[in-house]
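Asks: Right, I'll just put the structure down here and ask away after.
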Amino acid sequence: MPLISLDKEMVEQLRRVLDAVEQILPKPVPSVDWSVTRAANWRRRAASGYLDPVPELESMHLDDLLGIDEQKRVVEDNTRQFLAGVPANNVLLWGTRGTGKSSLVRALLHSYAPQGLRVIQVDKDDLVHLPAMVEQIKRQPYRFILFSDDVSFETGESSYKMLKSALDGSVYAPPENALIYITSNRRHLLPEYESDNRGAMLVNNEIHHGESVEEKISLSGRFGLWVGFHPFSQDQFLEVTRQWVSRMADQRGMPGLWNEEARQAAIRWCRQKGDNSGRIALQFANHWVGSCMMREKLR
């Protein structure tokens, strides 16, 4: 069979075409070295995605989370069971914004990474890729929390269906070295309406209304643990704020910054924000201690 002869111009054209194709092809992704990687994000790519290591983690400690001692105890106990290889539950952390739900998961990783805990953070819309994720970790000698933050769904979303199947122990269920931790402002992860409480009344032409309500609570019911995070009372807010201000001030060699002036300023701060959560307490402490330090520098 005769060899095909290509002139130099055609060879150059082919080279340019190959170079162009190479630019649009996805770059190969190296596998994650979990011995040095404690957390990763799931990044969407084409029909699936890949695990992207997180180089640095927020320095959040369990002792930094104030005013949620019972929630910490419940979730930490469950996580320790998981690390010990004994039965443990998937967890739904639900409640008011700024109360420490996602911070608790990050603090658990900081505390228990030396014992083999790892976290994979997944955007809600990427929960459809749970099978691909677990395929990459199921043979790893580590324990993984598949963590999705600030989740809410509309009925029928593909991510909703996938999460429901995974929690139900179907073929999509995570392997024994993985649990699912979800945070949400909604206890049932779906919007709830006044019409949901109208019993068997005919609502929006729906005949079997009770079945629709049951479907709304069926997802959250598949989590073994529900852990509620609720707004602080003003007294609780002030106590958490006092602890933050005192801790920050002591660390910087400026004790005594919590006084009546600070207390009144904290009350005004939370009223302006319309929120008295732990997040707002920490923000005020940063403001107050920072302002006091600046005044001291200017003297």
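No value in this document is a laboratory result; all are computed from the given coordinates. Here the structure is a predicted model, which means the values were calculated and not measured. With ideal geometry, Cβ positions are generated from the backbone for all residues, glycine too; neighbour counts draw on all protein chains shown.
Asks: What Kirkwood Rh does the stretch 82-167 have if only Cα atoms enter the pairwise 1/r average? Answer in Å.
Replies: 14.2
Asks: Give me the net charge of Asp69's neighbourhood, meaning all other residues with Cβ under 13 Å from the Cβ of Asp69; Lys, Arg count +1, Asp, Glu -1.
Replies: Spelling it out: positives minus negatives among the neighbours equals -4.
Asks: A further question on this structure: Within the P(r) computed for the stretch 234-298, what percentage of the Cα pairs occupies the region above 18 Å?
Replies: 27
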